[in-house]
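Step one of this worksheet: look at the structure below.
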Ligand SMILES: [Zn+2]
């Protein structure tokens with residue numbers, strides 16, 4: 001969340017009498033009996049805010065007529081949609097980039113939404129168990145939820161237990177090195193095989209990255225900075241070795257097996273010097289495999305880290321304590 005967006009959200013929070021959690025860009029607080037969370041409808045549009053309330057009434061969801069009436073009565077172009085999914089009611093505003101206009105639109109529409117819900121007999125409920133009671137907003141795996149204290153503590157306990165299990169499965173560097181090395185052998189075989197078949201070896205760089213990172217994860221446990229360094233070093237070395245071996249095989253075949261393959265492997269620098277292997281195609285090929293290994297490695301490593309992060313993404317929105325008005 002950048003500074004400019006946060007400053008606009010601060011204006012909204014001030015004008016609505018709510019609070020802002022700067023860590024996750026959520027405006028939160030209580031209006032009437034309802035817990036309110038205000039945040040972007042989609043993450044890529046920070047100025048398109050949605051006003052969210054979790055509530056239910058005995059006679060079912062908001063009807064089309066009620067929604068139509070609500071949106072029409074406002075006769076203003078600032079509202080996009082009002083919808084109810086389960087017990088979650090979301091009023092989406094249009095994109096408003098001016099902070100003052102945004103704050104005014106949120107404030108006005110929040111009041112109207114709360115007035116609508118209380119006039120229709122809606123009561124604040126927990127998104128977890130659906131019982132009518134006081135709730136607070138939480139961030140869970142990147143999404144925001146309304147939970148009662150009971151649901152919060154049971155989810156908290158479950159996540160803590162999962163976290164302890166994961167901590168117990170501590171990262172095993174030796175296993176990781178072995179796994180990454182075994183994975184990189186698959187990658188190396190792929191580099192040589194595809195090249196010997198006469199194809200451009202782009203895909204094999206990606207296979208090298210995927211197999212090395214997967215190997216580390218399988219035998220080393222969780223991915224961490226050490227893992228990234230180990231995987232990178234192994235990949236750099238193995239791509240070099242595989243590429244050099246690939247050239248040695250080409251030369252070995254051309255020389256009609258005058259020397260053994262190991263000797264040819266050793267002689268690759270000499271062949272480069274003697275221009276028996278063209279330096280530009282040697283370096284070009286190597287650079288390409290490295291490039292594609294990098295392309296393959298980045299998403300693999302990012303995904304491995306995200307997997308580890310899930311449990312830390314659970315916590316209350318905001319520190320502010322407040323009582324029902
Ligand atoms: Zn609950």
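How many residues are under 19 Å from the mean Cα position of the chain (by Cα) and under 24 Å from residue 221 (Cα atoms) when one looks only at region 143-164? It would help to see each step written out before you state the result.
The first filter runs over region 143-164 and keeps only residues under 19 Å from the mean Cα position of the chain (by Cα), leaving 143-145, 159, 163.
So of that shortlist, the ones also under 24 Å from residue 221 (Cα atoms) come out as 159, 163.
Residues flagged as under 19 Å from the mean Cα position of the chain (by Cα) and under 24 Å from residue 221 (Cα atoms) within region 143-164 amount to 2.
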*Which residues, taken from region 99-133, are within 11 Å of the ligand (Cβ to nearest atom), buried (at least 16 other Cβ atoms within 10 Å of the Cβ) and outside any strand (DSSP E or B)?*
126, 127, 128
*For region 16-68, which strands (runs of 3 or more DSSP E) that fit wholly inside it have 2 or more residues that are under 16 Å from residue 112 (Cα atoms)?*
26-31, 34-40, 49-56
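Being at pLDDT 95 or above and either within 16 Å of the ligand (Cβ to nearest atom) or under 25 Å from residue 64 (Cβ atoms) (or both) is true for just one of 93, 82, 88. Which residue is that? Working first, answer last.
Numbers: 93 fails: at pLDDT 95 or above; 82 fails: at pLDDT 95 or above.
One residue alone meets the criteria, 88.
Would it be correct to say that residue 155 is in the same structural domain as residue 71 (by TED's automatic domain parsing), within 23 Å of residue 12 (Cα to Cα) and modelled with pLDDT under 95? It would help to see each step written out before you state the result.
Numbers: in the same structural domain as residue 71 (by TED's automatic domain parsing): yes; within 23 Å of residue 12 (Cα to Cα): no; modelled with pLDDT under 95: yes.
For residue 155, the condition - in the same structural domain as residue 71 (by TED's automatic domain parsing), within 23 Å of residue 12 (Cα to Cα) and modelled with pLDDT under 95 - is not met.
Can you name the residue in region 134-165 that is part of a loop (DSSP other than H, G, I, E, B) and within 15 Å of the ligand (Cβ to nearest atom) and, of all such residues, is surrounded by the most Cβ atoms within 10 Å (Cβ to Cβ)?
Taking region 134-165 first, the residues part of a loop (DSSP other than H, G, I, E, B) are 134-135, 141-142, 148.
Subset that is within 15 Å of the ligand (Cβ to nearest atom): 134-135, 148.
On the way: 134: 14, 135: 26, 148: 20.
The selected residue is 135.
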*Six or more apart or on different chains, Cβ under 6 Å: which pairs go from a residue in region 128-150 that's over 21 Å from residue 320 (Cβ atoms) and assigned by TED's automatic domain parsing to the domain that holds residue 54 to one that's within 11 Å of the ligand (Cβ to nearest atom) and assigned to a loop (DSSP other than H, G, I, E, B)? Could you list them?*
none
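The values are calculated or read from the model by the stated rules, or taken from the named source; none is laboratory data. Since this is a predicted model, take the numbers as computed values, not measurements. Reconstructed Cβ throughout: ideal geometry from the backbone, glycine too, with neighbour counts over all protein chains shown.
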